[in-house]
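The values are calculated or read from the model by the stated rules, or taken from the named source; none is laboratory data. Model, not experiment: these values are computed from the prediction. Cβ: placed from backbone, ideal geometry, glycine included. Neighbour counts: every protein chain shown. Heads up: the accessible areas ignore ligands, DNA and RNA and are worked out on the full protein's heavy atoms, side chains in. Shrake-Rupley method; radii C 1.70, N 1.55, O 1.52, S 1.80 Å.
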Amino acid sequence: MKFSSYAGRRVLITGHTGFKGSWLALWLSRMGARVSGFALEADTEPSLYVQARLDERIESMIGDIRDPDLVAEAVAGFAPEIVFHLAAQPLVRRGYAEPLRTFGTNVMGTANLLEAVRRTGSVKAVVVVTSDKCYREDTSSFGYRETDPLGGHDPYAASKAAAELATNAWRASFGNSPGAALIATARAGNVIGGGDWACDRLIPDLWRAARSKRPALIRNPSAVRPWQHVLESLSGYLLLGERLLGGHAEAADAWNFGPALADMESVEQLCKLMCPRLGVDWRYDGSPQPREAAMLRLDSSKAMMRLGWRPRFTLEEAIELTGDWYARFDAGENPRELCIERIARFEQCRNR
Ligand SMILES: NC(=O)c1ccc[n+]([C@@H]2O[C@H](COP(=O)([O-])OP(=O)(O)OC[C@H]3O[C@@H](n4cnc5c(N)ncnc54)[C@H](O)[C@@H]3O)[C@@H](O)[C@H]2O)c1
């Protein structure tokens, strides 16, 4: 899968210092895009942004998305043609601990970005990244569709549903003005892939446990999640961005980008497959925990039928690529090169 629309384009990524944002910046730079970024400083140790020395390759502005003036300054200053909006407080458990910050970042941050875009004539397209968790929980669902009701039981999930509503409001209210940007939202699954060191995420938790030579404590082994390699969700965002840049108004909508149904596995199954690769054991942590959804599946048939998007890697491949990434990083290999190697492999992959 190759993208032809980004060479020479001015692209702004919010959240470029994070896990997905760093991979996206690397991929877009490889395509020849002129990449800029707006986010807080990378806050994990290590971080892919720092390890891949992305600050030397892209124009970066460090700032808080909750500050409307700063966001307006960034968008006007970079004058991008397309914006990928990834900046967010993305953790369910942190959402319980810091609900106001979560809503401020995820909802008002999105509104600040959309308002800045509305006032900047250069922007033709915006991809707002929300989450598979934006749907109202329905335990009988075999896979949420874009037409299913929004919801969100916890602050993170509800803030992502609210970001969807805010985007819809900007699109419906201002989308018909002359020169208005086409705006879409993207709901992807739980990504893995190497270079993630966030707190309270399964793979980084396993990696940290391996380093400390202790078993990993797993909170919800029976929870089912739509696991996918990070490049799968990014390929969806990029494909969607191409459609928007091409002026396809019907793409200005909500899109799921999840794995194949067979790859929606339990946390326990993922641990069984990943732990031997990282050289770590795991055990169940039965202590009281904040509630998280038991079952989360996405139906991506709309993106498959209308955008021609498809997952490329099987879950086994995604796990192998992820385990290998961390093992080679631990052995001292260059993380940027590890990411580029995977991007090249992904680009050569045929549809499954
Ligand atoms: N990782 C996943 O499995 C997953 C799943 C579904 C959706 N998402 C969404 O994808 C996006 C990227 O997630 P990620 O995994 O890369 O997260 P991450 O934590 O690695 O990165 C988050 C980015 O947002 C920035 N950010 C956070 N608060 C900010 C603020 N107040 N002002 C400016 N920037 C701020 C951070 O600096 C960082 O660059 C998020 O919107 C997240 O909700 C992620």
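Where strands (runs of 3 or more DSSP E) sit wholly within the stretch 35-132, those with at least 3 residues that are without any contact (Cβ under 8 Å) to a residue 60 or more places away in the chain occupy 59-62. The set of residues in the stretch 1-52 being away from the ligand (no atom under 16 Å from the Cβ) and among the aliphatic types (A, V, I, L, M) consists of Met1, Ala7, Met31, Ala33.
Restricting Arg101, Arg145, Arg94 to those that are under 21 Å from Arg171 (Cβ atoms), under 21 Å from the mean Cα position of the chain (by Cα) and open to solvent by 10 Å² or more (accessible area, probe 1.4 Å) reduces the list to Arg145. Close Cβ contacts (under 7 Å, 6 or more residues apart or on different chains) running from residues in the stretch 186-206 that are of a type in the set (Asp, Glu) to residues that are assigned to a helix (DSSP H, G or I) and crowded, with 24+ Cβ neighbours inside 10 Å comprise Asp196/Phe19; Asp196/Ile203.
Working only within the stretch 89-113, note down all residues that are near the ligand (Cβ under 8 Å from one of its atoms), touching a Phe, Trp or Tyr at 6+ places or on another chain (Cβ under 9 Å) and within 14 Å of Asp64 (Cβ to Cβ). Hits for the stretch 89-113 are Gln89, Asn106.
On the basis of being within 17 Å of Gln269 (Cβ to Cβ) and open to solvent by less than 10 Å² (accessible area, probe 1.4 Å), does Leu202 make the cut? No. Note on the stretch 303-328: residues that are on the phi < 0 side of the Ramachandran plot and either in contact with a Cys (Cβ under 6 Å, 6 or more places away or on another chain) or open to solvent by 30 Å² or more (accessible area, probe 1.4 Å) (or both) total 12. Name the residues in the stretch 246-298 that are assigned to a loop (DSSP other than H, G, I, E, B), charged (D, E, K, R) and either open to solvent by less than 10 Å² (accessible area, probe 1.4 Å) or at pLDDT below 95 (or both), would you? Result: Asp281, Asp285, Arg291, Glu292, Arg297. Annotation: of all residues in the stretch 53-72 being under 24 Å from Tyr6 (Cβ atoms) and more than 13 Å from the ligand (Cβ to nearest atom), the one that is surrounded by the fewest Cβ atoms within 10 Å (Cβ to Cβ) is Glu56. When Gly193 is tested against the conditions (1) more than 14 Å from Ala318 (Cβ to Cβ); (2) in contact with a His (Cβ under 6 Å, 6 or more places away or on another chain), the lone failure is (1).
In the stretch 304-320, the residues that are under 13 Å from Leu239 (Cβ atoms) reach residues that are among the acidic types (Asp, Glu) and open to solvent by 60 Å² or more (accessible area, probe 1.4 Å) with C-beta atoms within less than 9 angstrom, at least six apart or across chains, in these pairs: Arg306/Glu250. Name the residues in the stretch 204-248 that are within 15 Å of the ligand (Cβ to nearest atom), hydrophobic (A, V, I, L, M, F, W, C) and out of contact with any Phe, Trp or Tyr (no Cβ under 8 Å at 6 or more places or on another chain), would you? Once the filter is applied, which keeps residues that are within 15 Å of the ligand (Cβ to nearest atom), hydrophobic (A, V, I, L, M, F, W, C) and out of contact with any Phe, Trp or Tyr (no Cβ under 8 Å at 6 or more places or on another chain), the stretch 204-248 yields Ala223, Val224, Trp227.
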